[in-house]
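To keep things clear, I will list the structure first and then write my remarks on it.
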Amino acid sequence: MQPLTVAAPAKLNLFLHVTGRREDGRHLLETLFVALDFGDTIGLARREDGAIQRVGGWQGVAEEDDLAVRAARALQAATGCRAGVDITVTKRIPVGGGMGGGSSDAASVLLALNRLWNLDLPRSRLIEIGLALGADVPFFILGAPAFARGVGEVLRPLTLPPMWIALIVPAVNVSTAEIFAAPQLTRDTPSAKIDIFSEGYGRNDLQDVAAARHPEIGAALTELRRHSPHARMTGSGSAVFASFASGELARGAVVATPPGMQGLIARTLSRHPLAAFA
């Protein structure tokens, strides 16, 4: 089979509430996920010797820690597939920005290898494999905007109107584990009683803790809030975002991006680029 080149889109948490904590210490969340028309690109070339290797591309993380490589190995182990793959990752999603880069890479590898290796696994099985790699991976495999509960694995697909998004990304790498371990973190936000969410609904419960540790996040929020009262952080940070009715308005919101930060604009996706792969 010919090599595949596939997209791995970034994501946003339009809101993120921490509603409790399980006995195993993992936090219970409620969040609204949406993918963006911006992200990484992954090249996959089938091998017949069973080897899984990262070739070229991004070297910002050790190969054994790379979620794209780990996803391929997990799929091979789960299915007993004797084929292998060469993986090239072209990174565009800011690392440590809370935009799901590693999780998206893992999901796109699982979806693409399901086809490249002729496995024909159902989406539900890929989600099971993906959850062991990271809490955000199931969303990307699902293929649509979704309201998530639990640790991110209880997903309900939703239809959302398209939005233009302005993002400001400070040059800081936020530790998700550190944010969730913080004593100051709100862990008792009431559960949502509805599945229809208006613009600006909710908040990000991780935002105050992350901004206290990284003042750059606060500076980015201050800039975006000059253009939208609903600006907030995505995931555990550091990226902050706001939605707009047009690309022109979104571009205007990042014109004065503070020094040392990256300004981006994107559109939300109603369907993952690889939604038809499972």
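Helix-derived [θ] at 222 nm for the chain: sum -39500 (n - 2.57) over DSSP H runs of at least 4, divide by residue count, nearest 500?
For the chain, the value works out to -7500 deg cm²/dmol.
Compute, for the stretch 164-269, the length of the dipole vector about the Cα centre, with Cβ point charges of +1 (Lys, Arg) and -1 (Asp, Glu) only. Units Debye, rounded to 20.
Computed about the Cα centre, the dipole is about 120 debye.
Counting alpha carbon pairs within less than 8 Å and at least 6 residues apart, what relative contact order, in whole percent, applies to the chain?
25
Once you've got the GNM for the chain with C-alpha springs shorter than 10 Å, pick whichever of Val240, Val255, Val109 has the biggest mean-square fluctuation.
The residue with the greatest mean-square fluctuation here is Val255.
How much net charge surrounds Ala245 when only the other residues with a Cβ under 15 Å from the Cβ of Ala245 are counted, with Lys and Arg +1 and Asp and Glu -1?
Overall, the nearby charge balance is 0.
With point charges of +1 on the Cβ of Lys and Arg and -1 on the Cβ of Asp and Glu, referenced to the Cα centre of the chain, which listed residue (Phe244, Thr90, Ala72) lies farthest in the positive direction of the dipole?
Phe244
Dipole size in debye (nearest 20) for the stretch 4-158 around its Cα centre, Lys and Arg Cβ +1, Asp and Glu Cβ -1?
Rounded to the nearest 20 debye, it is 260 debye.
In degrees between 0 and 90, to the nearest 10, how far off the longest principal axis of the chain does helix 67-79 point, with axes built from Cα atoms?
Its long axis makes an angle of about 50 degrees.
So how far, in whole Å, is the C-alpha centre of the stretch 201-218 from the one of the stretch 240-278?
What the calculation gives is 19 Å, centre to centre.
Apply the Kirkwood formula to the chain: the hydrodynamic radius equals the inverse of the mean of 1/r over all pairs of different alpha-carbon atoms; give it in Å with one decimal.
After inverting the pairwise mean of 1/r, the radius is 19.0 Å.
Just flag the trypsin sites (Lys or Arg not before Pro) in the stretch 40-70 sitting in loop per DSSP whose Cβ has no more than 12 other Cβ atoms within 10 Å.
none
Given a Förster distance of 41 angstrom, what is the FRET efficiency for Glu248 paired with Ala276, based on the Cβ-Cβ distance and rounded to 0.05?
Using R0 = 41 Å, I get an efficiency of 0.80.
With a cut-off of 8 Å between alpha carbons and a minimum separation of six or more residues, what is the relative contact order of the stretch 31-142 in percent?
Across the stretch 31-142, relative contact order equals 31 percent.
Roughly how big is the chain's charge dipole about its Cα centre, with Cβ charges of +1 (Lys, Arg) and -1 (Asp, Glu), in debye to the nearest 20?
400
How long are the three semi-axes of the equivalent ellipsoid for the stretch 164-269, computed from the Cα gyration tensor as the root of 5 times each eigenvalue, in whole Å, largest first?
Equivalent ellipsoid of the stretch 164-269: 23, 19, 10 Å, largest first.
Give, in nm to one decimal, the length gained when the segment between Thr5 and Phe197 is fully stretched (0.36 nm per residue of separation minus the Cα-Cα distance).
65.6 nm
Read-outs: derived from the displayed coordinates by stated rules, not from any lab. Note that the structure is predicted; figures quoted are calculated from it, not measured. Positions of Cβ are backbone-derived with ideal geometry, glycine not excepted, and every protein chain shown enters the neighbour counts.
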